Amino acid sequence: MFGIYDLGELEINVNNSKIIIEQKPRYFIYRREHNGEVLEKKILSKSGKIVINPVEPVNLPKNITNYLQIRFRKPLTIEPNQSETLYTTFPVEIGVFVTGMGDVKLIDVFSFVNPKYALYGNPVRGLICRYWESDLTQEQRAERFREGVMKLKIVNTTKEWIEVSNAVFNVELMKIYYDDDAVSSTAEMDIQSRMVAETKFFAEPLRKGMRKAIEIFSPRKVVARRFFMEWGL
């Protein structure tokens with residue numbers, strides 16, 4: 001499903017959902033049939049393309065936060081001054097873009113995962129986050145089109161044993177890659193105390209040959225290159 005398509009007659013079927021492009025004399029009709037709902041839009045273009053790729057997972061049902069919280073089903077305890085690279089997952093949202101004349105326009109976002117949200121921190125100063133539960137493993141495994149694989153390096157910079165039960169990220173900084181088999185992102189969590197950690201993303205695919213996804217959040221508008229978790233690990 002992911003990829004770049006010439007703007008023309010098109011039908012894609014995935015998991016009982018459809019993306020259809022119908023060509024009319026002067027325009028195209030984009031139609032998405034998903035979860036019993038039908039979305040239709042007109043596209044006026046002579047030589048555009050359609051791009052379908054995974055996007056930052058904070059757009060559904062609408063963009064109410066830029067933060068993603070991954071809760072680990074089994075907490076990890078890491079010894080002082082040590083690091084470990086493991087794999088977890090993140091929810092996949094699918095963006096549909098139309099391109100032409102050097103510009104890119106997002107026309108649709110959908111997902112095969114029902115979005116959940118939670119509060120990280122206290123009710124006064126805490127953050128609303130897209131909430132996701134996952135395992136930490138040594139294997140790169142995920143359910144295709146529903147989950148992406150996150151390569152996560154956890155670094156304990158302290159002199160104490162630290163237990164980690166979740167990670168929170170600013171997805172404005174997220175870099176997503178994809179190929180025919182998987183969606184991926186690479187991140188790091190630097191533990192600074194029992195309550196504080198720094199999280200950041202890297203522009204690194206899981207393996208060679210993966211294509212970088214179009215980002216919804218413009219890199220030019222993002223000033224910070226990292227995020228600090230201040231309300232516990």
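The table below gives the values:
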| item | result |
| --- | --- |
| Counting DSSP beta bridges with both ends in region 153-208, the antiparallel % (nearest 5) | 65 percent |
| Whole-angstrom gap from region 15-65 to region 154-189, using each part's C-alpha centre | 30 Å |
| Exposure ranking of 208, 105, 151 by accessible area [1.4 Å probe, largest first] | 208, 105, 151 |
| Within the accessible area of the chain (1.4 Å probe), percent carbon and sulfur | 46 percent |
| Among 186, 77, 99, residue whose mean-square fluctuation peaks in a GNM of the chain (springs only between Cα atoms under 10 Å) | 77 |
| Assigned charges on the beta-carbon of Lys, Arg, Asp, Glu; region 1-123 dipole about Cα centre (debye) | 300 debye |
| Within region 35-194, percent of DSSP bridges classed antiparallel, to nearest 5 | 75 percent |
| Mean separation of Cα contacts under 8 Å, 6 or more apart, over the residue count of region 89-164: relative contact order % | 32 percent |
| Whole-number percent relative contact order across the chain, with pairs defined as alpha carbons under 8 Å at least 6 apart | 19 percent |
| Estimated FRET transfer efficiency when R0 is 35 angstrom, pair residue 181-residue 10 (beta carbons, to 0.05) | 0.95 |
| Chymotrypsin sites (Phe, Trp or Tyr not before Pro) within region 3-58: DSSP coil, no more than 15 neighbouring Cβ in 10 Å | 27 |
| Most mobile of 80, 57, 123 in a GNM of the chain (Cα contacts under 10 Å) | 123 |
| GNM result for the chain, Cα springs below 10 Å: residue of 206, 39, 119 fluctuating most strongly | 39 |
| For residue 45, residues with placed amide H under 5 Å, excluding near neighbours | 28 |
| Computed over region 1-86, Kirkwood Rh from alpha-carbon pairs, angstrom | 16.7 Å |
| Within the chain, longest stretch clear of exposed GluC sites (Glu not before Pro) (DSSP loop, no more than 13 other Cβ within 10 Å) | 10-138 |
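The values are calculated or read from the model by the stated rules, or taken from the named source; none is laboratory data. Just so it is clear, the structure is predicted and the values come from calculations on it, not from any experiment. All Cβ positions, even for glycine, are placed from backbone atoms using ideal geometry, and neighbour counts span all protein chains on display. SASA here: full protein model, heavy atoms, side chains in, ligands and nucleic acids out. Shrake-Rupley method; radii C 1.70, N 1.55, O 1.52, S 1.80 Å.
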